[in-house]
């Protein structure tokens, strides 16, 4: 049998490879159902001269329990720094979530209704913050905030402009919430707002009624020192690894105390990187997961010109879930504490702190350590308060500890993105906290658990 010439073999191989590629090629098709459109969306001007503006989407309450002019508005701020709140909108707590399916070798991204959306009985306002994040526009890189004061100043301007869009918005109570690096944004906005309100006429104030922080980075110097112990007692590292990690943590703490902010940020990243390598986990955001959160679905979905047009976003913006520009601008801010802002807020309004039980970055231990150091006259009573078993729909949802203005919640079977992992329970949490129902009622919680529940984390 005569052998095939080499060039013909190569041609056959090329043709075969091309056919295989064409048969398995994936294109993206996105759709945006009419009922999923926000009530309002667009831009809030920060600087009319430079064009800097903040992008927002607002979803009115689906089934408000009170007249609309009294219905609370919950603000959601994503973390990062520099991650878009469209992640919270379309992957966590908005009325619709991005869903993936593969049909006939075509990747379809569609929106499906979220049974645990936070706008069931409240209005929800998603803000791409700071400018330069998501669809928000920074007139120049120099305008991107580099500290929490400037972040808060921009947010105050944006929220006041939003409130001015409708007469019915004027007196509605506002609750600022967010997760992760918003553990700084939320306190900064709350602190700035209350200080600013004190100097403004009543008609120009924002009606801030409370702040809520989920899995927040709030007091980094203290929080970075918890990773080794947390991982060790979770059975994820051994004693030798614990000591190695503790040395890296001590270096991050030393640099922070010396005010070497950039080096301290890098040192914290070394701690987290080392922990990730030691454990081999798919993500530190949730030690149960075999693969990371699929937030890239949101990026793909929002890359469509049609979707941008539907949201009234600037079509020329190349959407990124998290902005390197903003992340770099706030690099020196990462290790700076805003605990003093939370201490001020808890004396003047109500504060919710919640964590997903399975988060290894900014989880339960990380938060409890800095909470104990709060300079607040009620902290002793809070630490002595009952840690109550919390149930939703007669099933264990987690634990609630409360004294006066401070409420702490541990959400079972959830990681860093609590609303993604426990949609219905997170909805129940935010509603009961705002409305002060059940274990979230005003004053000291004295109810003791009637039974002890168990929960698998495997």
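Note on region 102-125: among residues that are under 18 Å from residue 303 (Cβ atoms) and surrounded by 17 or more Cβ atoms within 10 Å (Cβ to Cβ), the one that is nearest to the chain's Cα centre (by Cα) is 111. Picking from residues in region 8-63 that are assigned to a loop (DSSP other than H, G, I, E, B) and modelled with pLDDT under 90, the one that is surrounded by the most Cβ atoms within 10 Å (Cβ to Cβ) is 32. For residue 308, the conditions (1) touching a strand residue (DSSP E or B) at 6+ places or on another chain (Cβ under 9 Å); (2) part of a helix (DSSP H, G or I) all hold with the exception of (1).
Consider residue 164 carefully, then state whether it is over 23 Å from residue 32 (Cβ atoms), in the same structural domain as residue 429 (by TED's automatic domain parsing) and buried (at least 24 other Cβ atoms within 10 Å of the Cβ).
Spelling it out, it is not the case that residue 164 is over 23 Å from residue 32 (Cβ atoms), in the same structural domain as residue 429 (by TED's automatic domain parsing) and buried (at least 24 other Cβ atoms within 10 Å of the Cβ).
Among the residues making up region 364-401, those that are part of a loop (DSSP other than H, G, I, E, B) and touching a helix residue (DSSP H, G or I) at 6+ places or on another chain (Cβ under 7 Å) are 372, 373, 374, 375, 376.
Within region 267-289, the residues that satisfy the criterion of being surrounded by fewer than 15 Cβ atoms within 10 Å (Cβ to Cβ) and within 22 Å of the chain's Cα centre (by Cα) are 269, 273. Residues that are farther than 26 Å from residue 329 by Cα, part of a strand (DSSP E or B) and in contact (Cβ under 8 Å) with a residue 24 or more places away in the chain within region 71-98 comprise 73, 74, 96, 98, listed in sequence order.
Quick one: which residue in 226, 193 is touching a residue at least 40 places away in the same chain (Cβ under 8 Å), more than 28 Å from residue 415 (Cβ to Cβ) and in a helix (DSSP H, G or I)? Can you show your working first?
Details: 226 fails: more than 28 Å from residue 415 (Cβ to Cβ).
One residue alone meets the criteria, 193.
When residue 431 is tested against (1) surrounded by fewer than 21 Cβ atoms within 10 Å (Cβ to Cβ); (2) in contact with a strand residue (DSSP E or B) (Cβ under 9 Å, 6 or more places away or on another chain); (3) modelled with pLDDT of 95 or more, exactly one condition is not met: (2).
Can you tell me which of 186, 211 is assigned to a helix (DSSP H, G or I), modelled with pLDDT of 95 or more and either out of contact with any helix residue (DSSP H, G or I) (no Cβ under 7 Å at 6 or more places or on another chain) or within 27 Å of residue 327 (Cβ to Cβ) (or both)? Give the derivation first.
Values: 211 fails: assigned to a helix (DSSP H, G or I).
Exactly one residue qualifies, and that residue is 186.
Might you check whether a residue that is closer than 20 Å to residue 86 by Cα and touching a residue at least 24 places away in the same chain (Cβ under 8 Å) occurs anywhere in region 261-277? Steps first, please.
To start, the set of residues in region 261-277 that are closer than 20 Å to residue 86 by Cα comprises none.
No, the conditions are met nowhere in region 261-277.
Exactly one residue among 372, 336 is free of Cβ contacts under 8 Å to residues at least 12 places away in the same chain, closer than 30 Å to residue 273 by Cβ and outside the structural domain of residue 263 (by TED's automatic domain parsing), and that residue is 372. The residues of region 312-338 that are buried (at least 19 other Cβ atoms within 10 Å of the Cβ) and assigned to a helix (DSSP H, G or I), listed by number, are 326, 329, 333.
Screening residue 386 against (1) modelled with pLDDT of 95 or more; (2) farther than 30 Å from residue 266 by Cα; (3) surrounded by fewer than 19 Cβ atoms within 10 Å (Cβ to Cβ) leaves a single unmet condition, (1).
The values are calculated or read from the model by the stated rules, or taken from the named source; none is laboratory data. If you're wondering where the values come from, they're calculated on a predicted model, not measured in any experiment. Methodologically, a virtual Cβ is constructed for each residue, glycine included, from the backbone with ideal geometry; neighbour enumeration extends over all protein chains shown.
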